[in-house]
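To keep things clear, I will list the structure first and then write my remarks on it.
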Amino acid sequence: MIVGLSMIPTVQRFVAVAWGDDLPAAAGVAGELLTGAVRVLLIFLICRLAFVRDPEVAGLGERWRRVAWFVDHRRGDFLIQFAVLGTAFALFDLVPNLAIQTLAPEGAREWVTAVVVAIKNPTVIAFTFVWMAGVARRMMLAAPEPAGAR
């Protein structure tokens, strides 16, 4: 599911980067709208699998209470996620872009960028969605159950 849905933005990004200047403006806008819609759908499906169908995390109000408890009582663990996300961003986005700008020949940069963007869509972006849902799930499961539950 994740790889399949991620292939739609992958193809769109590859085409947009490789041939974007030659495409009609409407095709660019339609591609961006399609990519956005597919990413929203992907997040929805990941959240549905991670939260909605699991009895371990209760209704929406209870989920938010558990997340708030985690943030209040385990702030360091919560904040470390931002450091990890920042490190991942630097490693998987900034470093490849810098490498392309410094190592790829001028005439090949557009194609190399298109390939790198195509690789990042089904890997880094999808992994980030799954990871963030996993973090939220762990936050919910780490919070104590309300009194009288079960």
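For G86, the conditions (1) in contact with a helix residue (DSSP H, G or I) (Cβ under 9 Å, 6 or more places away or on another chain); (2) closer than 27 Å to R109 by Cα; (3) not charged (D, E, K, R) all hold with the exception of (1).
Does V57 count as surrounded by 15 or more Cβ atoms within 10 Å (Cβ to Cβ), over 21 Å from the mean Cα position of the chain (by Cα), in contact (Cβ under 8 Å) with a residue 40 or more places away in the chain and over 30 Å from V11 (Cα atoms)?
Considered against the rule, which asks whether it is surrounded by 15 or more Cβ atoms within 10 Å (Cβ to Cβ), over 21 Å from the mean Cα position of the chain (by Cα), in contact (Cβ under 8 Å) with a residue 40 or more places away in the chain and over 30 Å from V11 (Cα atoms), V57 comes out as yes.
For segment 35-58, state whether one or more residues are basic (K, R), at pLDDT below 90 and farther than 25 Å from V135 by Cβ. So far as segment 35-58 goes, no, none of its residues is basic (K, R), at pLDDT below 90 and farther than 25 Å from V135 by Cβ.
Would a scan of segment 120-138 turn up a residue that is under 23 Å from I2 (Cα atoms) and either more than 14 Å from the chain's Cα centre (by Cα) or in a loop (DSSP other than H, G, I, E, B) (or both)? So far as segment 120-138 goes, yes, one or more of its residues are under 23 Å from I2 (Cα atoms) and either more than 14 Å from the chain's Cα centre (by Cα) or in a loop (DSSP other than H, G, I, E, B) (or both).
V29 falls short on exactly one of the conditions (1) at pLDDT below 90; (2) part of a helix (DSSP H, G or I), and that condition is (1).
The residues of segment 13-32 that are under 15 Å from T123 (Cα atoms) and not charged (D, E, K, R) amount to a single one, F14. Could you check, for segment 21-40, whether at least one of its residues is of a type outside the set (S, T, N, Q) and under 28 Å from A143 (Cα atoms)? Checked segment 21-40: at least one residue is of a type outside the set (S, T, N, Q) and under 28 Å from A143 (Cα atoms). Just to verify a result, which residue in segment 13-26, among those that are at pLDDT 85 or above and loosely packed, with under 12 Cβ neighbours inside 10 Å, is nearest to A114 (Cα to Cα)? Residue satisfying both the conditions and the ranking: D22. Considering L91, L85, the condition of being part of a helix (DSSP H, G or I) and surrounded by 12 or more Cβ atoms within 10 Å (Cβ to Cβ) is satisfied by L85 alone. Being of a type in the set (A, V, I, L, M) and modelled with pLDDT under 90 holds for only one residue in V117, V95, V112, and it is V117.
Considering (1) touching a Lys or Arg at 6+ places or on another chain (Cβ under 9 Å); (2) in a helix (DSSP H, G or I), the lone condition that P144 does not fulfil carries the number (2).
For segment 5-26, residues that are in a helix (DSSP H, G or I) and free of Cβ contacts under 8 Å to residues at least 12 places away in the same chain total 6.
The values are calculated or read from the model by the stated rules, or taken from the named source; none is laboratory data. Treat the numbers as computed from the prediction; the structure is a model and nothing was measured. We place every Cβ from the backbone using ideal geometry, glycine too, and count neighbours over all the protein chains shown.
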